[in-house]
Amino acid sequence: MTGYSFYLVSTPLHLFLSSALALRNTSGRNVLIFIDQADTLDNFYLKQINAWQDSPFEQVHIFPGRIKGLLEKRRSRKQIVQQLAKLVEQYQPENVYVGNDRRIEFQYCMHATQQYGGARGIYIDEGTYTYFGRPDSLRWQDRIADNLVKKMTYGSWWQNPPTIGGSAWIKQVYAAFPEKVHALLQGKEVTELPAEWLQHPALQKLSAQLLQTQDIKDTELSDVDVFIALPHESVMQKDPDYKESVLSLINELHKQQRTVAIKYHPRDTAADALNLAATPCKIIPAKVNFEALLLIFPQNMKIIGDFSSVLLNARWLRPDLEVMAVIADINNANPLLVNLYQELSIRMLKTQDIQSVEF
């Protein structure tokens, strides 16, 4: 029997990247596993994968996440581990792909595969952590205290990665910019993840399907000059001037006769936290994944975002577009990220300077 590969997915980005990798795995068999999902009964992306006629996944499973309450969380994770044990026993995967090797689901799968020789752990580019690391992983609280608690809770198989993708479970790293990965990942087998892989005809059909579900046509953004990708609401809440800055930018762009489209973060709880419905801009449904939108952006569009993976993906998948990062204080930003943005020609602007930029 041809070997199985597991793809553990928690975000729309990794759903797309996992699909691209699975479509290339023509000699193997692929199992998609949604993890850390707030909604398992009416999950938007699960529905879309099940409706995708060209799906490369033989089986699709889904597990909950973000459970409130200590007892409920323990009960849920116990059930998840039991179900994962059955899947590992049934399929005996040779490869396990993941975008975050800190996830319990991934580490347990890797532990469970040891009974028959072990699977190969493969990290799929997460974005910013891939290139400037996760500093919290090196702090005492994370490295010693949290590591000890998790080993006592889950078992000695738990590993505390020095950064995302850095655990001993991971043997191979797929990265958009392989020559720029963090030093802690350079000892792995680093493989380029070509942007062309996301141009696969079957994946383009999935993109069109996702956009159509949200009533977005290919021509929806053809007249847009500037696309603003908003960060998660927790980031906006930390900056009391963020809302006013965004509104001022939209008004300034409107004065310059520029057409603006804006999109909230898909995991936001508020529907329209900045009251953008009253502004002269197109609001793109938050559920639409950014990667699908990138495929239909016009060539002269400019993309504005914060210091996040969104801009890295824009530079990777659409190198023809101008990409700009906005931050309140560049001087206090992570120097590794600043250097990476400079190397990738991502323009950086202070929040207070954005309104004066000529678009």
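The values are calculated or read from the model by the stated rules, or taken from the named source; none is laboratory data. Since the model is a prediction, treat every value here as computed from it, not as a measurement. Positions of Cβ are generated from backbone atoms using ideal geometry, with glycine treated the same way; all protein chains shown enter the neighbour counts.
Give the range 27-65 a look and list any residue that's among the small types (Gly, Ala, Ser) and either under 19 Å from the mean Cα position of the chain (by Cα) or not in a helix (DSSP H, G or I) (or both), or say none. Before the answer, list the steps.
Kept after step one, since they are among the small types (Gly, Ala, Ser), are these residues of the range 27-65: 27-28, 38, 51, 55, 65.
Answer for the range 27-65, where residues must be among the small types (Gly, Ala, Ser) and either under 19 Å from the mean Cα position of the chain (by Cα) or not in a helix (DSSP H, G or I) (or both): Ser27, Gly28, Ala38, Ser55, Gly65.
Before we move on, is His61 crowded, with 18+ Cβ neighbours inside 10 Å and not hydroxyl-bearing (Ser, Thr, Tyr)? It would help to see each step written out before you state the result.
Details: crowded, with 18+ Cβ neighbours inside 10 Å: no; not hydroxyl-bearing (Ser, Thr, Tyr): yes.
Judged against the criteria, His61 is not a match.
Quick one: what pairs do we get from the range 301-321, first residue not assigned by TED's automatic domain parsing to the domain that holds Thr128, second in a helix (DSSP H, G or I) and polar (S, T, N, Q), C-beta under 9 Å, 6+ apart or different chains?
Here the result reads Phe307/Thr128; Ser308/Thr128; Ser309/Thr128; Ser309/Thr130; Leu312/Thr128; Leu312/Thr130, each pair linking the range 301-321 to a residue that is in a helix (DSSP H, G or I) and polar (S, T, N, Q).
With the requirement that a residue be closer than 21 Å to Asp218 by Cα, modelled with pLDDT under 90 and part of a loop (DSSP other than H, G, I, E, B), what does the range 299-311 give you?
Passing the criteria: Gln299, Asn300.
Given the criteria of a type in the set (A, V, I, L, M, F, W, C) and closer than 26 Å to Lys180 by Cα, does Leu249 qualify? Break it down stepwise before answering.
Details: of a type in the set (A, V, I, L, M, F, W, C): yes; closer than 26 Å to Lys180 by Cα: no.
No: the conditions fail for Leu249.
Return the residues of the range 267-295 that are surrounded by 13 or more Cβ atoms within 10 Å (Cβ to Cβ), among the small types (Gly, Ala, Ser) and assigned to a loop (DSSP other than H, G, I, E, B); say none if nothing qualifies.
Ala273, Ala286 - these are the residues of the range 267-295 that are surrounded by 13 or more Cβ atoms within 10 Å (Cβ to Cβ), among the small types (Gly, Ala, Ser) and assigned to a loop (DSSP other than H, G, I, E, B).
Within the range 134-160, can you find the residues that are in contact with a helix residue (DSSP H, G or I) (Cβ under 6 Å, 6 or more places away or on another chain) and not hydrophobic (A, V, I, L, M, F, W, C)? Please lay out each step first, then the result.
In the first step, residues of the range 134-160 are kept if they are in contact with a helix residue (DSSP H, G or I) (Cβ under 6 Å, 6 or more places away or on another chain); the result is 136, 142, 157-158, 160.
Asp136, Asp142, Asn160, listed by residue number.
Which number in (1) polar (S, T, N, Q); (2) under 20 Å from Asn95 (Cα atoms); (3) part of a helix (DSSP H, G or I) marks the one condition that Gln204 misses?
All conditions are met except number (2).
Of all residues in the range 215-260, how many are surrounded by 15 or more Cβ atoms within 10 Å (Cβ to Cβ) and of a type in the set (Ser, Thr, Tyr)?
Residues meeting the conditions: 4.
Got at least one residue in the range 111-120 being at pLDDT 95 or above and among the aromatic types (Phe, Trp, Tyr)?
no
I want to confirm something. Restricting to the range 224-241 and keeping residues that are out of contact with any Phe, Trp or Tyr (no Cβ under 8 Å at 6 or more places or on another chain) and free of Cβ contacts under 8 Å to residues at least 40 places away in the same chain, which single residue is nearest to Lys282 (Cα to Cα)?
The extreme case among them is His232.
Do you know which residues across the range 181-201 are surrounded by fewer than 15 Cβ atoms within 10 Å (Cβ to Cβ) and in a helix (DSSP H, G or I)? Working first, answer last.
Going through the range 181-201, the residues surrounded by fewer than 15 Cβ atoms within 10 Å (Cβ to Cβ) turn out to be 183, 186-187, 189, 191-192, 194, 196, 199, 201.
If the condition is that a residue be surrounded by fewer than 15 Cβ atoms within 10 Å (Cβ to Cβ) and in a helix (DSSP H, G or I), then Ala183, Glu196, Gln199, Pro201 are the ones that fit.
One line per residue, one yes/no per condition, for (1) without any contact (Cβ under 8 Å) to a residue 40 or more places away in the chain; (2) of a type outside the set (Gly, Ala, Ser):
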| residue | (1), (2) |
| --- | --- |
| Ser5 | no, no |
| Leu17 | no, yes |
| Ala20 | no, no |
| Leu32 | yes, yes |
| Thr40 | yes, yes |
| Trp52 | no, yes |
| Val60 | yes, yes |
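Taking the conditions exactly as written (part of a helix (DSSP H, G or I) and closer than 20 Å to Phe290 by Cα), does Leu84 satisfy them or not?
Numbers: part of a helix (DSSP H, G or I): yes; closer than 20 Å to Phe290 by Cα: no.
Judged against the criteria, Leu84 is not a match.
Just checking, does the range 163-178 include any residue being part of a helix (DSSP H, G or I) and out of contact with any Phe, Trp or Tyr (no Cβ under 9 Å at 6 or more places or on another chain)? Can you show your working first?
Taking the range 163-178 and keeping what is part of a helix (DSSP H, G or I), we get 178.
Filter once more, keeping what is out of contact with any Phe, Trp or Tyr (no Cβ under 9 Å at 6 or more places or on another chain): 178.
There is at least one residue in the range 163-178 that is part of a helix (DSSP H, G or I) and out of contact with any Phe, Trp or Tyr (no Cβ under 9 Å at 6 or more places or on another chain).
Of all residues in the range 113-133, how many are of a type outside the set (Phe, Trp, Tyr), surrounded by 22 or more Cβ atoms within 10 Å (Cβ to Cβ) and not in a helix (DSSP H, G or I)?
Summing the residues that are of a type outside the set (Phe, Trp, Tyr), surrounded by 22 or more Cβ atoms within 10 Å (Cβ to Cβ) and not in a helix (DSSP H, G or I) in the range 113-133 gives 7.
Residues in the range 321-338 that are touching a Phe, Trp or Tyr at 6+ places or on another chain (Cβ under 9 Å) and not in a strand (DSSP E or B): how many?
Looking only at that region, the number is 8.
Here are the criteria: (1) touching a residue at least 40 places away in the same chain (Cβ under 8 Å); (2) under 13 Å from Ile228 (Cα atoms). Tell me which single one Val246 does not satisfy.
Answer for Val246: the failing condition is (1).
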